[in-house]
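The values are calculated or read from the model by the stated rules, or taken from the named source; none is laboratory data. Predicted, not measured: the structure shown is a model, and the values here were computed from it. Cβ atoms come from the backbone with ideal geometry, glycine included; neighbour counts cover every protein chain shown. Heavy atoms of the whole protein, side chains included, go into the accessibility calculation; ligands, DNA and RNA do not. Shrake-Rupley method; radii C 1.70, N 1.55, O 1.52, S 1.80 Å.
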Amino acid sequence: MMMVDEQSAERANPGWRALRLDTLVRLRWLAVTGQTAAVMFVEYGLGYPTPLLACMALIGVSALFNLLLMVRFGAGHRPSPVFIALTLAWDCCQLGALLALTGGLQNPFSLLLLAPVSVSSTTLPRRATFAISALVIAIASLISLVHLPLPWDPQSRIVFNRIYVIGIWVSIVCGVVFIAAYTTRVAHEARQLAQGLAATELALSRHERLNALDGLAAAAAHELGTPLSTIALAAKEMKADIPPGPLAEDVDLIISQAARCRAILQKLRNLDGNAAAPDPFAVMALGEVVAEVAKPHEGAGRTIRIVRTGEEGAPEPEVARNVGLLYGLGNLIENAVQFARSEVRIDLSWDEATVGVTITDDGPGFSIDLLARLGEPYLTTRPRTGPNADPTRPGGLGLGVFISKTLLERTGARIAFGNETDAGHARVRIVWARERIAARGTGEPAPPGRV
């Protein structure tokens, strides 16, 4: 029923930038400082002969590259992922050349080849990370074969067994593969979650702004009613004191337009009821709330059936009509209607301790391999639309179920996705502790607690 769209994050945020240039420059200055200290310590501290001039030339080129970047772009610049990948590729090549001058993989600092892969896997798209990983493996393979001797005491001879060098190469390759695969996956999911939560906050904020706009319109209508009545009254008194003629016609026009304004203001008042009085529908029975959010989807060619099953002696709970509850339930019902063949069944159940809502459609059901991932951001199989759309690829951002799950969990719900055992139809089960969802007669839910 759903599948992963791996490019959805890039489509959702086409202006995505990974790091500030200042961060990359600071990392490179750290590398330059460490490389210089290591070479100087081996040459002068230990007294081992090294190709000092060539090593310092490579380090100097890296420092010059840093200075050019800062002068050209500035510390606050946010380069594109391609630019960052190219700079990391330069770091790999520079470090590889430095290792080739100082023993290749026999040099214990060869482990630092993993550093650019780590930076790439946590900040760049997968394709760039895989390219950096392939470059590091190629460099490690090359310097394992072509390199100068490891700087060592001239009075004693050191020889590394070839099997030992191969073992170092294998360990570096394994480290690259692990970082590229595992760390990239973790960072990718973290970015998806952050973007999905931002989308959730945006949707919730939009609904709150709309509600606030309704209240503002009603308040404005209430405030404008008094001066408009005064204008209408003064116009009628003027009409009684002037003879028929052009001036009387103008007064009649003022009166008619004032009446029109009063009608418009009356409509604005009805957007949010009486602004001065409390909302009589702030608290409603659970069945009425579900019927309200299901009603807009009844004209889609599917039947929506609501079944109430309460424990004997337990009254139907009354819940607050808050934005999160309405939006979350509405989105899940809409999703069920879109995938249903003919009917969507909504089962409401309650007892003294819990309240449950189960949404079942008679569609094909959830894919078994994706059941564990339902509710994650950017997971969708909704078909693409438009004249140039590819019907074989999913459309949308795959945020609807994620936003619904997030908003409902904020109300204290536990959500489970599954398929009916016999028919295999999709089923979403939402359960609250009754003390969490039941309103206290003021339109407010009970305070948060453990579910």
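By a 1.4 Å probe calculation restricted to protein chains, residue 126 has an accessible surface near 60 Å², given to the nearest 10. Highest mean packing comes first when the peptides 178-184, 64-70, 401-407 are listed by Cβ atoms within 10 Å, giving 401-407, 178-184, 64-70.
The calculated FRET efficiency for the pair residue 71 and residue 323, based on their C-beta separation and a Förster distance of 41 Å, comes to about 0.20.
Could you calculate the FRET efficiency of residue 90 with residue 410 from 1/(1 + (r/R0)^6), where r is the beta carbon distance between them and R0 is 45 Å, rounded to 0.05?
Numbers: r = 46 Å, r/R0 = 1.02.
E between residue 90 and residue 410, to the nearest 0.05, is 0.45.
If a spin label sat at a point 7 angstrom from the Cα of residue 48 along the line to its beta carbon, the backbone N atoms of the range 108-122 nearer than 11 Å would be those of 108-109.
Per-peptide packing, taken as the mean over residues of other Cβ atoms within 10 Å, places 322-328, 429-435 in the sequence 322-328, 429-435 from highest down.
Label separation (residue 248 vs residue 342): 7.0 nm, computed from points 7 Å beyond Cα along the C-beta direction. Taking amide hydrogens as placed 1.01 Å from N in the peptide plane, the amide H of residue 102 sits under 5 Å from those of 148, each at least 5 positions away in sequence or on another chain. Here the Karplus relation 6.51 cos²θ - 1.76 cosθ + 1.60, evaluated at θ = phi - 60°, turns the backbone of the range 61-78 into coupling constants of 4, 5, 5, 5, 4, 4, 4, 5, 5, 5, 5, 6, 10, x, 5, x, 5, 10 Hz, with x for every Gly and Pro.
Compactness of the range 93-149, taken as the C-alpha radius of gyration over 2.2 N^0.38 Å, stands at 1.14.
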